[in-house]
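Just below is one structure, and these are the notes that go with it.
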Amino acid sequence: MDAEIREKIAGEVVLSAHPGRTLRKWREDFEISQRDLARHLETVPSVISDYESERRASPGAGFIRRYVQGLVDLDTLHGSRVGQRLGARPHSEGILGMQEFSVAVPLKAFAERLDAKAVGRIGLSRDIHGYTLLDAPRAILSIDAAHYVEVYGWTTQRALIFANVRYGRSPMVAIRAHPLKPAAVVFANPGRIDPLAIRLSEVENIPLLTTALPAPTILERLEEL
């Protein structure tokens, strides 16, 4: 599984128009600091920073290989928390679509793409690395605790988009009850939003947005990101 993960990350970096930003996205997904990664690679944090910010020329294959191996090595030392999540296979019931972005996307830009508006007091000043579109009733009924991790694909830094939502209470209660948290939640074409859903989003510091777009249109628009 480690080999598959390394191949996935390295391939995404090589094919990215912004390899440095893609490296940074993956380091953030692994929750590893520049300092810790630099120490493991026996270099200085400024080297990591320069590549990630693209102040240096695009990293070569050797550096990418060492960088990715360093992420996997450090994750192994931390109990393979990220590796276990990345190894999960998609559970199709209730999941209408998933995508991982090659670089971080500002949540504000994501919201504009979906004509989405924020609900509550949590701002949109953060990035997301992917999204999962779910049919809310089917997902809540079919995805148990053992399979919940599959909703997050390769990263928790993603937006969970719930279609067929009436009030939004059930999705937010489910998110509240699980230790994994998304970077944002979007309700697609909902009815009246339950005040409890808004309150839970604020307690968890998760931006809550709504859009009037139906699920097929959401997928169509997000394919362009």
> Any idea how many residues of the range 110-125 are more than 19 Å from Gly153 (Cα to Cα), outside any strand (DSSP E or B) and touching a residue at least 60 places away in the same chain (Cβ under 8 Å)?
Replying inline: 10
> What number of residues within the range 23-45 are closer than 22 Å to Thr156 by Cα and among the β-branched types (Val, Ile, Thr)?
Replying inline: 1
> With Ala118, Ala136 as the choices, which residue is more than 18 Å from the chain's Cα centre (by Cα), at pLDDT below 90 and not polar (S, T, N, Q)?
Replying inline: Ala136
>> Criterion first (assigned to a loop (DSSP other than H, G, I, E, B) and buried (at least 20 other Cβ atoms within 10 Å of the Cβ)) does Pro179 satisfy it?
In response: no
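Here are some residues: Leu124, Leu107. Which one is buried (at least 16 other Cβ atoms within 10 Å of the Cβ), modelled with pLDDT of 85 or more, more than 12 Å from the chain's Cα centre (by Cα) and within 30 Å of Ser16 (Cβ to Cβ)? Give the derivation first.
Numbers: Leu107 fails: more than 12 Å from the chain's Cα centre (by Cα).
After applying the criteria, what remains is Leu124.
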> For Ile128, are the conditions met, namely being closer than 25 Å to Leu225 by Cα, of a type in the set (Val, Ile, Thr), touching a Lys or Arg at 6+ places or on another chain (Cβ under 6 Å) and touching a residue at least 24 places away in the same chain (Cβ under 8 Å)?
Replying inline: yes
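For Asn164, indicate whether it is assigned by TED's automatic domain parsing to the domain that holds Gly97, of a type in the set (S, T, N, Q), at positive phi and within 21 Å of the chain's Cα centre (by Cα).
So Asn164 fails the test.
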> Do we find a residue being part of a loop (DSSP other than H, G, I, E, B) and closer than 27 Å to Gln84 by Cβ anywhere in the range 184-198?
Replying inline: no
> Is there a residue being surrounded by fewer than 23 Cβ atoms within 10 Å (Cβ to Cβ), within 28 Å of Val103 (Cα to Cα), in contact with a Leu (Cβ under 6 Å, 6 or more places away or on another chain) and among the hydroxyl-bearing types (Ser, Thr, Tyr) anywhere in the range 202-213?
Replying inline: yes
>> Go through the range 85-98 and report how many residues are at pLDDT 85 or above and crowded, with 17+ Cβ neighbours inside 10 Å.
In response: 3
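Quick grid of which residues meet (1) in contact with a Leu (Cβ under 8 Å, 6 or more places away or on another chain); (2) under 17 Å from Tyr131 (Cα atoms):
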position	(1), (2)
Gly11	no, no
Leu41	no, no
Arg55	no, no
Glu100	no, yes
Ala116	yes, yes
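How about the range 1-96: which helices (runs of 4 or more DSSP H) wholly inside it have at least 2 residues that are more than 18 Å from the chain's Cα centre (by Cα) and within 30 Å of Tyr148 (Cα to Cα)?
2-15, 34-41, 61-77
The values are calculated or read from the model by the stated rules, or taken from the named source; none is laboratory data. Keep in mind that what you see is a predicted model, and the values were worked out from it rather than measured. Neighbour counts are summed over all protein chains in view; Cβ atoms, including those assigned to glycine, are modelled from backbone coordinates with ideal geometry.
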